[in-house]
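Read-outs throughout are calculated quantities, based only on the coordinates presented, and are distinct from any laboratory measurement. Computed from a prediction, not measured in an experiment: that's the story for all the values here. Every residue, glycine as well, gets a Cβ built from its backbone with ideal geometry; the counts of neighbours run over all protein chains shown.
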Amino acid sequence: MKTLSLWMVCLFTVSLYVTGYAQESRAVIVGRVTDASGAAVAGAKVTAKSLDTNVTTSSVCNAEGSFQLNYLQPGPYKLSVEMTGFKTAARDAVNVRVGDRLALDFSLEIGAVSDTVNITTEAPLLDTTSANAGMVIDGKRAAELPVVGGNSFYLARLSPGVVTAGGRSAGNAFDYGSGSNLIGNGTRQGSSEVSLDGAPNMFERSTSFSPPQDLVAEFKIQTTSYDASIGHASGALTNVSVKSGTKDLHGTAYMNDSRLRAIPWHTNRFLGQQFAVPGANVEQIRERNVPGWLHQRWGATATGPVMIPKLYNGRAKTFWSFGY
């Protein structure tokens with residue numbers, strides 16, 4: 001009886017936990033450091049420096065010469081490897097994307113640490129550790145390509161095999177259903193999922209939050225997902241990474257008001273023909289042919305370091321971002 005009661009208590013305790021899912025939006029770089037003979041260089045220090053924020057992430061090679069750099073925000077990095085008795089090996093502009101897991105090996109040459117060997121001729125890095133298929137929409141395309149209502153989720157249709165289901169709210173600014181209306185490779189509507197900085201971004205079968213277009217750092221659409229961390233979504237997965245701040249101050253602002261738009265050329269031409277008719281009622285013709293609708297959309301984004309004059313300088317430590 002006591003054993004049964006104990007099992008019942010354990011079962012009740014486990015049932016209190018809510019299942020949580022996570023799809024990491026940050027990147028990982030793994031690799032191995034060797035010398036000219038191919039032997040592992042244990043203890044070598046590998047450093048990744050973000051070119052956007054100047055934040056550095058370091059790792060020390062183990063006995064097999066392997067290293068792993070975790071939790072890298074998407075963007076360009078400079079990688080360097082230092083070890084006493086060897087020249088410093090460096091590689092500039094290593095671009096990591098949302099959710100990447102890249103493999104990058106280094107071979108060190110004997111010499112002084114103050115000497116640097118820059119690696120510039122290697123092939124582009126590929127994620128060979130995952131079978132997931134998809135496409136990345138970088139921040140430049142997300143911010144600059146024209147999309148209906150300023151909703152960058154509609155750019156997911158650039159990925160092969162992805163279409164949108166549409167609906168009455170399709171095209172609205174910050175439409176909460178747009179991300180979940182994506183259909184990948186013929187799956188059912190409502191089976192897709194959206195994550196925001198690695199956290200679930202869903203309410204029932206709809207997107208909980210659609211970030212402003214200028215605040216999106218980049219996002220990845222995965223139409224074929226085999227990773228267990230995203231196995232609960234049978235359709236396409238959109239993994240969104242928002243801007244977390246930069247070492248310098250950046251910002252955008254926009255306003256779109258239909259009252260400031262000119263009448264379309266074809267409408268103007270037609271009105272001119274109508275106004276030329278003797279006895280024409282200009283106001284009545286204008287009211288009948290010029291659409292009487294009002295559309296207003298405005299917003300702003302800003303990112304930068306936390307700076308408190310004479311108290312705190314967070315240029316390479318602490319950052320902020322704002323979007324509306």
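Taking amide H atoms as placed 1.01 Å from N in the peptide plane, the amide H of residue 87 lies under 5 Å from those of 109, 110, 111, each 5 or more residues away in sequence or on another chain. Taking amide H atoms as placed 1.01 Å from N in the peptide plane, the amide H of residue 105 lies under 5 Å from those of 32, each 5 or more residues away in sequence or on another chain.
3J(HN,Hα) along the stretch 61-78: 5, 7, 4, 8, x, 8, 9, 8, 9, 9, 6, 8, 5, x, x, x, 9, 10 Hz, from the Karplus curve 6.51 cos²θ - 1.76 cosθ + 1.60 with θ = phi - 60°, whole Hz, x for Gly and Pro.
Rounded, prolate or oblate: pick one for the stretch 35-95, where a ≥ b ≥ c are the square roots of the eigenvalues of its C-alpha gyration tensor, a/c under 1.5 means rounded, and failing that, prolate if a/b is larger than b/c, else oblate. Prolate.
Label sites at residue 250 and residue 310, each approximated as a point 7 angstrom past Cα along Cα to Cβ, lie 3.2 nm apart. Distance between the 7 Å Cα→Cβ label points at residue 262 and residue 70: 5.8 nm. For the stretch 209-220, the Karplus equation 6.51 cos²θ - 1.76 cosθ + 1.60, evaluated at θ = phi - 60°, returns couplings of 8, 10, x, x, 4, 6, 9, 7, 6, 4, 8, 10 Hz by residue, with Gly and Pro reported as x. Applied to the stretch 315-324, the Karplus parametrisation 6.51 cos²θ - 1.76 cosθ + 1.60 on θ = phi - 60° returns per-residue 3J(HN,Hα) values of 4, 10, 10, 10, 9, 9, 8, 9, x, 9 Hz, with x for Gly and Pro.
Scanning residues 5 or more positions from residue 208 or on other chains, those with amide H under 5 Å from its amide H are 202, 203, with H placed 1.01 Å from N in the peptide plane.
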